[in-house]
Every structure is written in structure tokens, then in C-alpha cells.
Amino acid sequence: MQQPVFSLTISSPTNIALIKYWGKRDAKINLPINSSVSVTLNQRDLRTVTTVSASRSFSRDRLWLNGEEEDVNASRRVLAVFREVRARAGDLRDPKTGQVLVRKDEWDGLRVWVVSENNFPTAAGLASSAAGYAALTFALSKLYGLPDSLADELSCIARMGSGSACRSLAGGFVAWDMGQRADGVDSRARQVADEAHWPELQVLVLVVSDTKKTVSSTAGMQTSVDTSPLLAHRAAAVVPGRLAEMEAAYQSRDFGKVAELMMRDSNQFHATCLDTYPPVFYMNDASRAIVRMVHALNEAAGETVCGYTFDAGPNAVLLTLKRHLPTVLAAANTHFPPKRPVEATLASESLLAALKSTPLPPKLSSLYPLAPMRGAVSYIYHTDVGPGAMLLPDSESLAGEDGTPLRLAAPAASPPHQKLLLAAIAIAAGCVALKVARK
Ligand SMILES: Nc1ncnc2c1ncn2[C@@H]1O[C@H](COP(=O)(O)OP(=O)(O)OP(=O)(O)O)[C@@H](O)[C@H]1O
Ligand SMILES: C[C@@](O)(CCOP(=O)(O)OP(=O)(O)O)CC(=O)O
């Protein structure tokens, strides 16, 4: 008899830290050396979608990321998320009828297939691991029938996948308390203001590189913990006070203060990377030029109209307010004209119209006299603050009825010499085939 396949699909956002997490006191379960706070970016623009399917006919767990199958057993983090969710499994019920589809004690006979896609660059310093592990945790928790009352435990499970993932389960402003306990049950995220708290807040992502970075966050922060005295000082003496100031600033919607604290924190995080031995470089010349331009823009405007922050990669995330958005976008577009023009990547017609009619502050050209860095930025995303992980309708499923991915990655393009060789083989094979046919 054919076994049924039970599946569901969820989406999860990325988040950008205003005060960064960098460094672990326990690398096995991702316990940080300092607390952090982030804003959740709107998943209308940047998101991970994950479909999970369970069936008695599956003989092993499988996972496809962006159309390519990954070895589930090779990833300690994926295994941890599976293990922790399974340990809390309940009944799977039909969401419409409430009928029990899989009983709590039947789960041992079922394996799970995961199909996940990021609609933005993976492992390029845009928090793909945050969105990805939040998505995996949330999707499995729904499949295995975990009750909503386990939200705190879910945060800890996502954290075991990737530290920053615990902050992507919720929307708005999210704080991750470092906790003190060795088992990590008090190291979890909580929403401190929801996505409706500050609708004026806008985000531009300047993608400087969308290729996989050479030093992962996990590896980079471990070397920093082992070698950087500045990091130890930052965690103990700087972050606690800065977090308190940041909380007061976003609660009172004080943009100038939020931007300043965020920029200072990004700069200090990258300073600890430089203080790491051997040093880790995530920002590049384009990133540093963006920093310089933002400071010049704020000075030229006579107020803080923009702030920047950089995760473990060269891409800039700019925060601004709705009323300043055309100015900030115009400055970015003028000084860092992207390879893919903004007309091709920005959905809002009104923003594009405002961009054309907005003059740059006159003093900017003297405060930032450098020539435009043409092509240094690949493309620009515009987004805002959004909600946390959520269930999607079945129509958004990434898997067919049998649980396999609807889309697979195209095989990597062959280099030219390989193409010639393949052509030669094809021609030779054709001759052989013709010969055979003629016989
Ligand atoms: N959708 C996903 N589902 C499961 N795992 C994912 C997903 N997306 C990314 N990952 C995992 O996260 C890894 C990337 O994490 P990494 O921390 O190196 O980069 P990042 O998250 O893009 O950058 P950063 O955290 O510094 O902003 C990938 O190699 C993959 O193992
Ligand atoms: C620079 C950061 O983005 C670092 C994120 O690191 P990860 O959460 O990706 O690291 P792991 O816990 O090892 O998976 C800062 C932040 O998001 O707070």
C-alpha cells in the first residue's frame, strides 16, 4: 500500500544585529559570550522557505538546500535540530479537521525530507544561517506537533543550529540574552518590540559580494575568542552598557542614537576581527568607502539620516527613516552605482520616482570627493522590519507530492576546455552511433 506523505511549508526571515553576537563560551550548543539585539528584516523581500515532508516510505532523513542535496549526517547542527525537536514530539494533526494523522508514539517509523531555498545569497554574510536554521526549527516543530507553549525551547533549538537563528523566529526587535547556565536553557531570544513598533524604519542592503565567504562566522569567531584580547574586553566591558543604551534608543524611536550605537558596534566587531590572530577581514575597500560616504552624508545633511552595519562579510546594511530614504538611496546609487540598476531591483515605483527628483545635499561632494565606485555594489535591496517565521499555504510548497524538490540546481557550467572535450566525445560518439546504425 502506498504510504501517505505529510508535509507543510514555512517561511523565515533574516535578521541584522544592531549589537553583534561574536564569540562563544560553548561552541557545541552555541552559547555566546555576550547578549545581542537585532531587527528582523521583512520576509517579503529576503526569506528562506522550507518544506518538510514525513512518510513511512522514507528510509532516511534528507535535505536539499537551494536545489542541491546535502548530507544530513555530515552536519552536527542539522542533526542537533532534528534530535531536539524529535525529543519533544507530539501528535501531528490535520490543521483543518483536527484529526490525528501521526500519533506521538508512531514517529519512530517515519523519516523526514527537507527542501529549503533562500531567495538571497547563501553564506555571504547576509544571515542565511539565521533564516535557514530558524526555518528548519520552526518547520520541524510544526510537523512534530510541538505546542506553542514551547516557544522558549524552540529558541534554544534554533540557537543550536546557528546562534543568530534564535533571533529570526520572532519579528520586530529581538534580544538574545546570553544566559549563565551551562545547559543553555536561559540563552534564548525574546521579542522586545514588535514589527509595528517603528514603521518609519527602512533598510537598504548594498550587496558588495554574493559569493561564499572564505572564513565562516563560526570559524572566525572561534579564532577571535582564542586570540583577541579586544574581544574579551568588548564582551565584558562594552556590550552590556551599549545594549542598555540601544534598548532605550529603539524604545523611544531615537534614530540618531540607534544609528550611532549600531555603527560603533559594527566598527568594534570588525576591529576585533582585525585584532584576531591571524586577522580575519570581512569588510573590503568598497565596504570602507560606504562607511566614509555615510559619515559624509550625515554631516552634509546636518543630521543623522543613515547608519551602517556589516555582518561577517563586505555587504552593507543601511538603516534610515522613510523621510530620508530617497536621499540615502540617491547617495548610494550615485557613489556606488550597482551592476544591476536600481530600476531592476526596487519594486516601489514611488521610491524610484522620489529617487530621481531628490537632490543630494550640496556639501556631500566636498565632504566625499571620491569618484563613484562603479560596479563595486552588485545590487541593492530595499526592505523594512517584518514579522517572524510563519506557516505558508500548501500552494507555496517547494516539494512535490512525493516529497522531492520541485526545482533542482542546474549542474555547474563546464569550463571551456571541458566543453570542447565533451563536444569531441559527442562527435566521436555520433560517428560510432552512425556506424552502428549503418551496419
Ligand atoms: N535555508 C537553509 N537551510 C539550512 N541551512 C542553511 C540554509 N541557509 C544556510 N544554511 C547553512 O548556513 C551556512 C552559512 O552560514 P554562515 O554563518 O557561514 O553565513 P551567513 O549566515 O550567510 O552569514 P552571517 O551569519 O555571517 O551573516 C550554509 O553553509 C548552510 O550550511
Ligand atoms: C556577524 C554576526 O552575523 C555573526 C552571526 O554568527 P552565526 O550565528 O552565523 O554563527 P554560528 O552561531 O556559529 O552559526 C553577528 C550577529 O548576527 O549577531
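The values are calculated or read from the model by the stated rules, or taken from the named source; none is laboratory data. Remember, predicted model here, so these are calculated numbers, not experimental data. Cβ coordinates were reconstructed from backbone atoms using ideal geometry, including for glycine residues, and neighbour counts include every protein chain displayed. Each accessible area value is taken on the protein alone, full model and side chains, heavy atoms only, with ligands, DNA and RNA left out. Shrake-Rupley method; radii C 1.70, N 1.55, O 1.52, S 1.80 Å.
The criterion of at least 1 residues that are away from ligand 1 (no atom under 16 Å from the Cβ), surrounded by fewer than 18 Cβ atoms within 10 Å (Cβ to Cβ) and of a type outside the set (D, E, K, R) is met, among strands (runs of 3 or more DSSP E) falling completely within the stretch 105-215, by 189-193.
Among the residues of the stretch 79-98, just one is surrounded by fewer than 13 Cβ atoms within 10 Å (Cβ to Cβ), of a type outside the set (A, V, I, L, M, F, W, C) and modelled with pLDDT of 95 or more, namely Arg83. Annotation: of all residues in the stretch 216-226 being in contact with a Phe, Trp or Tyr (Cβ under 9 Å, 6 or more places away or on another chain) and open to solvent by 50 Å² or more (accessible area, probe 1.4 Å), the one that is farthest from ligand 1 (Cβ to nearest atom) is Asp226. Residues in the stretch 290-345 that are open to solvent by 10 Å² or more (accessible area, probe 1.4 Å), among the aliphatic types (A, V, I, L, M) and without any contact (Cβ under 8 Å) to a residue 40 or more places away in the chain: Val291, Ala344.
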